[in-house]
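The values are calculated or read from the model by the stated rules, or taken from the named source; none is laboratory data. Given the structure is predicted, the values throughout are model-derived calculations rather than measurements. With ideal geometry, Cβ positions are generated from the backbone for all residues, glycine too; neighbour counts draw on all protein chains shown.
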Amino acid sequence: MAGSDEREPMLPEYLTVDEVAHLLRTPVASLYQWRYKGYGPPARKVGRKLLYERGEAVRWIEAQTDPNRAA
């Protein structure tokens, strides 16, 4: 496919808690705790589901691994 980065897996536009936990290799409970504490990738409630916009989640993850970010 022209213009696509084959190293990055195809992800849906919105990710579930399970999918984000898998990306972060962390328990789902940690994501819920982080959300309660105001930390972690931004999420939205859609009905009864908690969803993460793919781009926002990826940016948050990258910011956590950026050695130049403010402490």
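List of remarks:
- Of all residues in the stretch 37-63, those satisfying the criterion of being in a helix (DSSP H, G or I) and not aromatic (Phe, Trp, Tyr) are Lys37, Arg54, Gly55, Glu56, Ala57, Val58, Arg59, Ile61, Glu62, Ala63.
- Tallying residues that are free of Cβ contacts under 8 Å to residues at least 24 places away in the same chain, charged (D, E, K, R) and surrounded by 13 or more Cβ atoms within 10 Å (Cβ to Cβ) within the stretch 20-58 yields 2.
- One residue stands out among those in the stretch 12-36 that are part of a loop (DSSP other than H, G, I, E, B) and either farther than 20 Å from Thr65 by Cα or of a type in the set (Gly, Ala, Ser) (or both): the one that is modelled with the highest pLDDT, which is Glu13.
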